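A.B. asks: Sharing a structure here in structure tokens format.
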Amino acid sequence: MVKAKNELFKNLEKDMDNVVELISLEEDLAVVKDEMAEVSTLLDERIEIEKETLEL
């Protein structure tokens with residue numbers, strides 16, 4: 001019984017480590033997503049400037 005209980009605690013610890021890792025990955029992905037949106041906006045602005053320049 002004690003062995004099974006210890007095994008359950010080990011599994012719980014592993015699960016908690018996985019949850020922490022997933023949360024960290026989600027946070028990193030959110031940062032990347034925000035940065036990509038920023039880059040996309042800047043590129044769109046640059047394209048518009050280039051289009052206006054070509055029309056001159």
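The values are calculated or read from the model by the stated rules, or taken from the named source; none is laboratory data. Everything numeric here is computed off the predicted structure, so don't read it as measured data. So basically every Cβ, Gly included, is an ideal-geometry build from the backbone, and we count neighbours across all protein chains shown. These area figures cover heavy atoms from the full protein model, side chains too; ligands, DNA and RNA do not enter into them. Shrake-Rupley method; radii C 1.70, N 1.55, O 1.52, S 1.80 Å.
A.B. asks: Mind checking the full-extension length gain between residue 4 and residue 37? Use 0.36 nm per residue of separation minus the Cα-Cα distance, one decimal, nm.
C.D. replies: Values: separation 33, 0.36 × 33 = 11.88 nm, distance 4.89 nm.
Length gained between residue 4 and residue 37: 7.0 nm.
A.B. asks: Which aspartates and glutamates, on any chain, are close to residue 5 with Cα under 14 Å apart, when same-chain ones fewer than 8 places away are left out?
C.D. replies: Cross-link targets: 13.
A.B. asks: Could you tell me the extents of the chain's C-alpha atoms along the three principal axes, largest first, rounded to whole Å?
C.D. replies: 82, 9, 5
A.B. asks: Quickly work out the residue 19-to-residue 54 label distance, labels modelled 7 Å from Cα along the C-beta direction, and quote it in nm with one decimal.
C.D. replies: 5.3
A.B. asks: Per residue, how large is the accessible surface of the chain? Use a 1.4 angstrom probe and give square angstrom. Walk me through the numbers on the way to the answer.
C.D. replies: Working: 5650 Å² over 56 residues.
Using a 1.4 Å probe on heavy atoms only, each residue of the chain averages 101 Å².
A.B. asks: First select every other residue whose beta carbon is under 14 angstrom from the beta carbon of residue 40; then total the charges, Lys and Arg +1, Asp and Glu -1. Before the final figure, lay out the partial values.
C.D. replies: Details: positive: 33, 46; negative: 34, 35, 38, 44, 45, 48.
Charge balance near residue 40 sits at -4.
A.B. asks: Convert each backbone phi in segment 13-21 into a coupling constant with the Karplus relation 6.51 cos²θ - 1.76 cosθ + 1.60 (shift: θ = phi - 60°), then list the ³J(HN,Hα) values in order as whole Hz, x for Gly and Pro.
C.D. replies: 4, 4, 4, 5, 4, 5, 5, 4, 5
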